[in-house]
1. Once neighbouring chains are kept in place and the probe is 1.4 Å, which whole percent of the accessible area of the protein assembly as shown is contributed by carbon and sulfur?
2. Where both partners of a DSSP beta bridge lie in the protein assembly as shown, what percent of those bridges are antiparallel, to the nearest 5?
3. If you take each beta carbon of peptide B:211-221 and count the beta carbons of other chains within 10 angstrom, what is the mean?
4. Would you mind checking which residues have amide H under 5 Å from A:Glu161's amide H? H placed 1.01 Å from N; only 5 or more apart, or other chain.
5. Within chain A, which complete DSSP H helices have Cα atoms spanning at least 20 Å along the helix axis and a mean Kyte-Doolittle hydropathy of -0.5 or higher?
6. Contact order normalised by length for segment A:39-524, with contacts defined as Cα pairs under 8 Å and 6 or more residues apart; what percent is it?
7. I'd like the residues of segment A:453-482 whose 1.4 Å-probe accessible area shrinks by no less than 10 Å² going from the isolated chain to the full set of protein chains.
8. Taking a label point 7 Å from the Cα of A:Lys217 along the Cα→Cβ vector, which residues of segment A:52-67 have an amide N closer than 17 Å to it?
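The values are calculated or read from the model by the stated rules, or taken from the named source; none is laboratory data. Treat the numbers as computed from the prediction; the structure is a model and nothing was measured. Don't worry about glycine lacking a Cβ; one is built from the backbone with ideal geometry, like all the others, and counts go over all protein chains shown. SASA here: full protein model, heavy atoms, side chains in, ligands and nucleic acids out. Shrake-Rupley method; radii C 1.70, N 1.55, O 1.52, S 1.80 Å.
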Amino acid sequence: MERMVKIVKPLISSAFEEVFGLLPITMRKLRAWFFFVFKFLDHPHHSEARGYDFENSEDFLFLPEIHSAKKHIYHESVSVACFAAVLFIAAVVALHLTFDFSTLAIVSGAIALFYFTFVIFKLYVVYKGAHYPLISFSKEEIDALGTDVPMYTVFIPLLNEAEVIPQIAEAMTSIDYPKEKIEYIITLEEYDHATLDAIKAVNLPDNFRVLILPDTKPKTKPKALNVALSHAKGQYVVIYDAEIIPDADQLKKAVLAFRAHPNIGALQVRLDHYNADQNILTKLFNAEFAFYYDLFLPGLQKLGFPIPLSGHSTHFRMDALKDMGAWDPYNVTEDCDIGMRLHRKGYGVGMLDSVSLEEATSTLDSWIPQRTRWMKGFIQTSIVHLRHPFRFKKEIGGWINFMAFLYIVPGTIILNLLNFLAWITQFVWFTTEASFIQRLYPPAILYFSVFSFLVGNFAFMYMNLLAVYRRKRYGLIKYVLLTPLYWVLLAIATVRAAKQMIRSPHSWEKTKHGSHLRRKEASA
Amino acid sequence: MIKKHSSHIKYLVLIIAFMVSVIATSVVMYLDLANASGDSIARLNLSRRVVDGTSPGFSQLGYVWLPAPSLLMLPMIWSDAFYYSGFAGILLSMIAFVLAGWFLFRIGDIVAGPVAGGFAALIFMLNPNTLYMQSTPLSEMFYIAAMLGALMYALLWARYSKEMYLVASGAAFLFATLSRYDGWIFAIATVCLVSLYLYLTSRDFRKMEATVILFATFAFLGPLLWLSWNYAIFDNPFYFAIGEYSSKGQQESLAAAGFLPSKGDLPSALAHVWYATQMVSGWALLICSVFGLLFVLRQIFVKKQLRYLFVILLGVHIAYYILNVFSGNAVIFVPQLAPYLLFNVRYALMFLPLFALLVGVLGARFHRLGILMLVIILAEYGVMLINDNVVTLHEAIEGFAGAQVNESRLQGGKWLRGNYDKGLILVDVFNNDAVPFASHVPFKYWVHTGDPALFGAALKAPERVVDWVVLREKDSIDERFRGGEWLADNFDCVYSYQDIEIYHIRTDERSRIVASDCKVGTQRAGAESGREAL
């Protein structure tokens, strides 16, 4: 068979060139036109020619620009968007002509189909994740590690965090790891004098270093991490945000996990909140995290799907981090983006059985901007990775992983928006019984939509319920029944994110930390 | 060792369940008894109308019967062969029967070991009434399987404290609560028992609250969906309870006819349920169950073995039916009491798993006694069969809604099968399900209450909408057309048998044979020409 191909292929291509040689246009022109229209098939991009530029001190973007969210409107993105739109319209027209379905019905059917498959996808992932063991080690194994451990670097990117400095200082110094084998790099913006003063006030040990960031744009957390990267000496790297309290033995567990699983490039730990009981918002936030870190991510790992990592408490091998070109300073969810790039580079991600406690944003003032940033980052990550969709499909491990990416990243955004749309539609229908809504849903599609919507909403809520129960947060359970209200907030944040993508795609709405401390003080 | 035995017995139970199911179904289908009862046909029609009709769709599921069995029949009901033979529904019952036997075995096994499970499964599966019911499209077997599945997983949760078992139990309750209203009460009772179990074992109120929420959210999803459905389609979440064709509506018409003897009369209600139970279970099983009950109560109150509570829980069904018969929400007729008919005796099938388990756990404790009890019970089953004393089968044939009562509809349907040529047929499908079924005329040619707009139009001016009218004494069409008199101007009565009459629109180009015993005066118009044509 291979021999046949070897013989036939040159014959066909030479014949092809002969035929086109007779035409007034050359093959080169034809190729140029083809790649102008189908730009998303044309790779590698010219920005990739120079490889990673770790010397870039202008904006600390080490990646080729085509892999960054620095610019969003590339010829590739426009081309792929147009292609997808044409494909969709063609499908709509074909269905219309073949089955005489109305355009609106086809669109509402497509939405219902997406919703249904999304529900199935999530249920399948959770089913796989529910019984999948995290990477864990016994106390004996951890104790046996002794002092024979590699150098570890802890990045602590801070901005206006004076209030929580005592807490992070205590949390970091409580980490059970040989002092001479661990270094802490705190990054600060040059104008953040309050945090600097707070750091000086707590008398940190010698292995803490404060790195003042250069006054360049963008002023984002991933840029701070990229700046710190060249100063790091560790074989492994972990990021802890200002308010994090990790398990004391987390680094030792990570070392054991990296040793036991050489194919793993990064480790994700479970996140929990120390102020979960603060108010209804923190309770629902905690339920969401319980689902995400206990059921969803383990399922993604079990299935070998790309994992959107979290912004802190993620442990990296230093060589893997450099092999990926470090973080994208322009992506406002650099964590999600780096998870995808890890997968593209063929590194595995492990779920470590260790917990980092963080502060759940407890007011809408801080929750909405934080979630807006996350959703905006998901949009950015979708745009960046889909610039060359076929190449992405190949690198990420085939069509199944590609589809998984579509559901995990852009799918999450679409789902949030669709939920919003569905609720509004239902509200209008039940209050006005407007006929135009009826036209959107011919009987078969109506049944399918209602079924998907009901089953989906119940399944998503129930998965949160189950996750909270498994975490033995029994007091929270009854509040999880209010999860649909939380989705309304999610939808609002997603709409806001979409708006920001147009107006200020790189703006970073800083999450305010320390409200739990203020609350403690107030109650004291 | 026990595990090894358990594994052997479980395969044996599965093999026996499968074989018995196939044999029983083959016999019942060979004797053409699967669709004997009116409810069997109505079940099949309900599902068929979703895919076949003037306005097909899920709205055909209506509001009276819970939808899970009808929905699960859908993959097969579109096939004429599976629909008219009833196999679309029978297969569902057969699968449910095998699962029910399996679940019962597992429940007995968890409570008192594999021997208890084996005894219970055999006693349940070999009961002739169980065997007949698993050979029909009725929903009882489906419900029993779902209910036993829910109970088994709840019991597994109690034993292993794994929350996933509660989730599985909740999922099984979704099917149970969407197949019969008994499931709603059983779900409530199970939630109460789970709470009680947690209270007795841990006294951790937060955990109790959380567990109940986790369980009840899933277990009550079915009722919630059904209420939503009723609200969405009929503008009233409780329409299933108060609608025209609801149980209440039926009981009202029965009460008007003086057919609700047990309403408000507790001794009568107890007597009806007792006779039904005795006829379905047999004396031997009932007597052995009493001893089993005493043993189980001893295990609970003296030995403090709380898992036996899950066996007792099945008794909720008995209380439910006694209360329902007493309150007039359900009706059971037994031949021993007025009005000396057979109706809904099959409800007592719900009690069989309880009796089987009670005997099973007793038999597991006293092996020799267990074998003796099993032999006696099976012998009585044999006598039931030999003496042609399978009461559910008799109910299907001779009962209040049985084949004999359906005879006129069946004959009418068969006549149409040979004479229908074209056009729409008006029928009040409620209580006349056998007509379309026996006619083999697809539902897309039938105008009935499932398409209210068309049905209303046909009632106003039948000659503009339909070519045929089927009416039965006292049905809504009969009442509308005053026994056919109003039809006489435009329709000829072409068939009459007992209480059924079939009319055909009068056409100039074609003379029709007019039935000689039609009650209305269509003979005036067409009898002569009909005879001439003959």
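1. Of all accessible area on the protein assembly as shown, carbon and sulfur atoms account for 64 percent.
2. That works out to approximately 40 percent antiparallel.
3. Working: counts 3, 2, 9, 9, 1, 0, 8, 4, 0, 0, 4.
Across the residues of B:211-221, the mean count of other-chain Cβ atoms within 10 Å is 4.
4. Here the answer is A:Thr195, since their amide H atoms fall under 5 Å of that of A:Glu161.
5. A:2-22, A:75-99, A:103-130, A:364-385, A:410-432, A:443-470, A:483-503
6. Once normalised by length, the contact order is 22 percent.
7. SASA drop of 10 Å² or more in segment A:453-482: A:Leu454, A:Phe458, A:Tyr462, A:Leu465, A:Leu466, A:Tyr469, A:Arg470, A:Tyr474, A:Gly475, A:Ile477, A:Lys478, A:Leu481.
8. Label zone hits: A:57-61.
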